[in-house]
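Mind looking over this structure? Questions follow.
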């Protein structure tokens, strides 16, 4: 966790424990309080995903989350929507293979914003890097209930992707405290989780526990 | 229809016959060819609406439509998505009450892009104007099958809204060649239609017929 007033330099961001927010796994618990608990537990990046609902609802939610991440000095990445990222001055966007192309997002966001891209093959990963992505997410490494239509990626392929790129690589998809060691063992820069933090009874402790895995 | 190379000055745009695109009413006919027929028939503004599907699909469709509108010199307005509008350099965006606020869109788009807003009351209309909208759409004036959850607006209220604002006002919602005269009779600057053009057998002729109504 960086100090409150430290500005994010995208070169210095740690992708070690990357939380993707999903309200669906919270079981009715307060969204912002849950994110705050995860931040206090030690997540290093927060991605806000909001696939359902209006642009206005996404914007208002993103504004609130930005206040929280700003306060704690955690970089905020907006899923898919470049306009929402610009509107709330988030640190960046994360683009799936069905979102805007990386090159287009870069043109709209300028050089200083973070652009992440979801990839599942060596070729996609290399393309994302060549197009100017700052990091890539690779998965799904394990079966996951929080996202549909994912492709599966083996740990061996994850290792090859990591060794093929210069930018940070984050593993994602069905990660738990049990399988995270095998993911980190491939040499990736971090792990992205949803349920392993947000579906746990003690969110802060769950995040803290994940920071201790090496 | 403006000449091919004339640049759009947003002050000079005619809202007289504003087509909102909706693939659903085309009955399987080619989307771009249908829009081209509408342009040849004399529409003065084209709004691209793409509520279903991915950001990438919207982007690629918007790129193709922009080539078409650029060729014929018709201003292109993107529904909801400020990032898509920026990505394809459309002339502007149209914002519903559930989309980004007008003030936020203006900050992202700058002073030269067109921002339209959907309104259904005098208060909403005045707010949109105060926030910097360049025009407003007012409706639904008549029952419509192409959009759900619309509020109804009487022609009398439309007239009051028109008389309360300085920016152009466009009537929308269930408009047909039969009821358009009563809408124009309120003094509004134009009519926005979907089915009255795109659901007709001869799209070009249908648009042409609507340009002749006074």
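Every number here is computed from the coordinates shown, using simple stated rules; none is lab data. On a predicted model such as this, the values are computed, not experimentally measured, just so you know. Here the Cβ is made from the backbone with ideal geometry for all residues, glycine too, and neighbour counts use every protein chain on show.
Going by the alpha-carbon gyration tensor, a ≥ b ≥ c the square roots of its eigenvalues, is segment A:156-196 rounded (a/c under 1.5) or, if a/c is not under 1.5, prolate (a/b greater than b/c) versus oblate?
prolate
Now, a different point. Just checking the output field for A:163-171: average partner chain Cβ neighbours within 10 Å of each residue's Cβ?
What the average comes to for A:163-171 is 0.
Hey, another quick one. List the distances, in nm and shortest first, from the label point of residue B:98 to the matching label points in every other copy, placing each point 7 Å from Cα along the Cα-to-Cβ direction.
Nearest to farthest, the other copies are at 1.9 nm.
Return a whole-number percent for the relative contact order of segment A:46-116, with Cα pairs under 8 Å and 6 or more residues apart as the contact set.
Working: 89 pairs, mean separation 19.8, N = 71.
After rounding, I find 28 percent.
By per-residue mean of other Cβ atoms within 10 Å, what is the highest-first order of A:208-214, B:184-190?
Taking the mean over residues of other Cβ atoms within 10 Å, the ranking is B:184-190, A:208-214.
Taking each residue in B:89-100, count the Cβ atoms of any other chain within 10 Å of its Cβ, then average. What number comes out? Walk me through the numbers before you get to the answer.
Values: counts 0, 0, 0, 0, 1, 0, 2, 3, 2, 5, 6, 9.
Shielding by partners across B:89-100 averages 2.
Report D for segment A:4-150 in µm² per second (integer): Stokes-Einstein, Kirkwood Rh on Cα pairs, 20 °C, 1.002 mPa s.
Numbers: Rh = 15.7 Å.
Estimated diffusion coefficient is 137 µm²/s.
Considering only chain B, pick the residue with its Cβ nearest the axis of the rotation onto chain A, and state the distance in whole Å.
B:83, 2
Could you give the semi-axes, largest first, of the ellipsoid that matches segment B:67-201, computed as the square roots of 5 times the alpha carbon gyration tensor eigenvalues and rounded to whole Å?
23, 19, 13
Another question, if that's okay. Name the most mobile residue of A:71, A:15, A:59, meaning the one with the largest mean-square fluctuation, in a Gaussian network model of chain A with Cα contacts below 10 Å.
Result for chain A, Cα springs under 10 Å: A:71 fluctuates most.
Next up: Shortest first, in nm, what separates the label point of residue B:163 from those of the same position in the other copies (7 Å along Cα→Cβ)?
7.8
Let me ask something else about it. For label points placed 7 Å from Cα toward Cβ, what is the shortest-first list of nm distances from residue A:68 to its copies?
4.3
A follow-up question, please. Taking all pairs of distinct Cα atoms, average 1/r, flip it, and tell me the Kirkwood hydrodynamic radius of the protein assembly as shown in Å to one decimal place.
In the protein assembly as shown this quantity evaluates to 23.2 Å.
To continue, here is another question. Determine the gain in length on full extension of the stretch residue A:67-residue A:23; use 0.36 nm per residue of separation and subtract their C-alpha separation, reporting nm with one decimal.
Once the chain is fully extended between residue A:67 and residue A:23, it gains 14.0 nm.
Shielding of B:103-114 by partners, i.e. mean partner chain Cβ atoms within 10 Å per residue?
What the average comes to for B:103-114 is 2.
Additional query: Quick check for you: which residues of segment B:178-201 have the amide N under 12 Å from the point 7 Å beyond the Cα of residue B:214 toward its beta carbon?
none
Given the rule -39500 (n - 2.57) for each run of at least 4 DSSP H residues, summed and divided by the residues of chain A, what is its mean residue ellipticity at 222 nm, to the nearest 500 deg cm²/dmol?
It comes out at -11000 deg cm²/dmol, rounded to the nearest 500.
If each residue's Cβ is checked for other Cβ atoms within 10 Å, how do B:142, B:58 rank with the fewest at the top?
The fewest-first ordering by Cβ neighbours comes to B:142, B:58.
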